[in-house]
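Novice: First, the structure itself, so that you have it in front of you.
The values are calculated or read from the model by the stated rules, or taken from the named source; none is laboratory data. As the structure is a prediction and not an experimental result, all values here were calculated from the model. So basically every Cβ, Gly included, is an ideal-geometry build from the backbone, and we count neighbours across all protein chains shown.
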Amino acid sequence: MLVETEVVAMRRQIRICGFVLLCGTLLAAQDVPPVSPKTQGNAAVNKAMPFVELLRQAEGGDKYAQYSVGGSYATGRGVAKNNGEAVSWSLQAARNGLAEAQNRMGYIYEHGIGVPQNYGEALRWFSRAAEQELAAAQYNLGHMYRYGEGVPIDHARAADLYGQAAAQGLAAARNELGIAYESGTGVPRNAVEAFNLFHLAAEQGEASAQQNLGTMYFEGRATARNYREAFRWFSQAADRGVIEAYLSLGHMYESGDGVDRDPMKAAEWYRKAAERGIVTAQIDLAYLYKFGKGVQRDYFEAAKWFRRAAEQGDPIAQNTIGYMQCRGEGVSRDYRQAADWIQRAAEQNYALAQLNLGVLYENGWGVPLNYTEAYKWYALAANSGSVASRRAREALAQVMTTTQLRNAQTRVSDWMYHHNNLEPAAKKAEAIKLDRYATAAQP
């Protein structure tokens, strides 16, 4: 019978600071409405003007009206939605030199809205608008250099463009530039500058910056650690729909940092994030169910959430669902499936899974009994500092033949050679990372 000292379950680690945000998105032209140099009452900014009148002015060559007609067709405001017409009128305004329309055309080509996706055309239109110092276009062009869309990745150029847009007060650009300073990507690393930029953008209501600012307050990076401030900014980000903020609040309620410890509220926040696919939240919620914290103990629910995280490739979840299948906790006992999950985690250089896989091979549970393979996995886990694995390896070596030991050591060397760039999964899982999250109005 399987005992816990032989196949070791993952010990709980609350990875409070592993806030990973969604990738940045481009800003659509509507985020910076055009202003006519002739009059503030121009058709382009007069949303109350009937569509028929806008169309009449657009047909007369008014680029602001052309831009507005394109926007009406894009959104279905005052007329049936029609992407083809949206592109046609926006293109006319862009060719007439309207920066906002040029930015919109970049957005259209970047996303392939009503036209085939074309990064080259997107780059061309964003560049033309950026030359007119339109902040949204500078931001969008920076995005393309940051991610290598239509151009080679150029972090320095991206940071420069974000800086130009940030200087004009664009909150999303301030957040991106803050991330660049925090990570030292394209600019020298400067946590103080990152903190200041996040603060400016957060005060403007940029949800991603609110989350990132909360993280810096929580960690005490470039500022005194302040859980109450962290909680305040996480709460604002959560109100704006930042999924990672749900996870952050769950961690704070579970640990009692800055708020009264409340496992029930922690479970509520974890569930919100878990249901939206956040792996760490799925694991955290699973542990609450496994140990009955804030929720009634339920191995079935625990196994469900561990499996969801495991299916997304998380080694901790893969090892844990494998362990639960060995034990028959919340799932039927199935050593073969358990071995499959544990193997997946072990291949990611997760030491605890490597130890467990060694146990399975040593005993022939779900896999053929194989001392050579068992030794290999024990040795790999021992290389990551696992004392239990080192002892298991030494004990197994006492009953192995010289040939088996030689073969096992060769397998260890081969595995390490083919996985020499693979860092220990536990360290990777606990890595602290600020990333980007920005919303954009659709064109």
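Novice: When you go through (1) of a type in the set (A, V, I, L, M); (2) more than 19 Å from ASN118 (Cα to Cα); (3) surrounded by 17 or more Cβ atoms within 10 Å (Cβ to Cβ); (4) out of contact with any His (no Cβ under 8 Å at 6 or more places or on another chain) one by one for ALA156, which number turns out not to apply?
Specialist: (3)
Novice: Which of the residues that make up segment 292-320 are basic (Lys, Arg) and under 14 Å from GLN282 (Cβ atoms)? Even if it seems obvious, please write down each step before you answer.
Specialist: Narrowing segment 292-320 to residues basic (Lys, Arg): 293, 297, 304, 307-308.
Across segment 292-320, the qualifying residues are LYS304, ARG307, ARG308.
Novice: Right, something else. Filter the helices (runs of 4 or more DSSP H) completely within segment 274-338 down to those with at least 3 residues that are within 28 Å of the chain's Cα centre (by Cα) and of a type in the set (S, T, N, Q). Even if it seems obvious, please write down each step before you answer.
Specialist: Details: elements: 279-291, 299-311, 315-327.
Per the criteria, 315-327.
Novice: Something else about it: Test LEU91 against the stated conditions and say whether it is surrounded by fewer than 24 Cβ atoms within 10 Å (Cβ to Cβ), of a type in the set (A, V, I, L, M), at pLDDT 95 or above and within 27 Å of LEU161 (Cα to Cα).
Specialist: Yes, satisfied.
Novice: So, one more: Please determine whether any residue of segment 372-394 is surrounded by fewer than 21 Cβ atoms within 10 Å (Cβ to Cβ) and among the aliphatic types (A, V, I, L, M).
Specialist: Yes: segment 372-394 contains one or more residues that are surrounded by fewer than 21 Cβ atoms within 10 Å (Cβ to Cβ) and among the aliphatic types (A, V, I, L, M).
Novice: Go through (1) of a type outside the set (Ser, Thr, Tyr); (2) buried (at least 23 other Cβ atoms within 10 Å of the Cβ); (3) closer than 28 Å to TYR299 by Cβ one by one and return the number of the condition ALA408 breaks.
Specialist: (3)
Novice: Here is a list: GLN204, GLN210, GLN236. Which entry is within 23 Å of ALA173 (Cβ to Cβ), in contact with a Phe, Trp or Tyr (Cβ under 9 Å, 6 or more places away or on another chain) and touching a residue at least 24 places away in the same chain (Cβ under 8 Å)?
Specialist: GLN210
Novice: Checking TRP341 against (1) surrounded by fewer than 18 Cβ atoms within 10 Å (Cβ to Cβ); (2) touching a residue at least 24 places away in the same chain (Cβ under 8 Å), which single condition isn't satisfied?
Specialist: Status for TRP341: all satisfied but (1).
Novice: Show the residue pairs that are 6+ apart or on different chains and have beta-carbon atoms under 6 Å apart, the first residue being within segment 156-184 and closer than 16 Å to ALA130 by Cβ and among the hydrophobic types (A, V, I, L, M, F, W, C), the second being at pLDDT below 95 and crowded, with 20+ Cβ neighbours inside 10 Å.
Specialist: Within 6 Å, the pairs are ALA172/ALA438.
Novice: While we're looking at this one, here's another question. In segment 327-357, which residue that is among the aromatic types (Phe, Trp, Tyr) and touching a Gly at 6+ places or on another chain (Cβ under 6 Å) is nearest to ASN370 (Cα to Cα)?
Specialist: TYR335
Listed here are the residues, each with its yes/no results for (1) surrounded by fewer than 20 Cβ atoms within 10 Å (Cβ to Cβ); (2) among the aromatic types (Phe, Trp, Tyr); (3) in contact (Cβ under 8 Å) with a residue 40 or more places away in the chain.
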| position | (1), (2), (3) |
| --- | --- |
| ARG56 | yes, no, no |
| LEU98 | no, no, yes |
| HIS111 | yes, no, yes |
| HIS143 | no, no, yes |
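Novice: Quickly run through segment 396-413 and pick out the residues that are within 14 Å of TYR378 (Cα to Cα) and of a type in the set (A, V, I, L, M).
Specialist: Across segment 396-413, the qualifying residues are LEU396, ALA397, MET400, LEU405, ALA408, VAL412.
Novice: Something else about it: Test GLU149 against the criterion of being over 21 Å from GLY178 (Cβ atoms), in contact with an Asp or Glu (Cβ under 8 Å, 6 or more places away or on another chain) and surrounded by fewer than 24 Cβ atoms within 10 Å (Cβ to Cβ), and give yes or no. First the steps, then the outcome.
Specialist: On the way: over 21 Å from GLY178 (Cβ atoms): yes; in contact with an Asp or Glu (Cβ under 8 Å, 6 or more places away or on another chain): yes; surrounded by fewer than 24 Cβ atoms within 10 Å (Cβ to Cβ): yes.
Taking the combined requirement at face value, the residue satisfies it.
Novice: Listed residues ARG240, ARG232, ARG276, ARG228; which is under 28 Å from GLU329 (Cα atoms) and at pLDDT 95 or above?
Specialist: Exactly one residue qualifies, and that residue is ARG276.
Novice: Within segment 255-276, is even one residue under 29 Å from LEU352 (Cα atoms), among the hydroxyl-bearing types (Ser, Thr, Tyr) and either crowded, with 24+ Cβ neighbours inside 10 Å or touching a residue at least 40 places away in the same chain (Cβ under 8 Å) (or both)?
Specialist: yes
Novice: While we're on this one: Quick check, is ALA245 touching a Ser or Thr at 6+ places or on another chain (Cβ under 8 Å), of a type outside the set (D, E, K, R) and at pLDDT 95 or above?
Specialist: yes
Novice: Which condition does TYR378 not pass, out of (1) in contact with a Lys or Arg (Cβ under 9 Å, 6 or more places away or on another chain); (2) not in a helix (DSSP H, G or I), if it passes all the others?
Specialist: If we test TYR378 against (1) in contact with a Lys or Arg (Cβ under 9 Å, 6 or more places away or on another chain); (2) not in a helix (DSSP H, G or I), just (2) comes out false.
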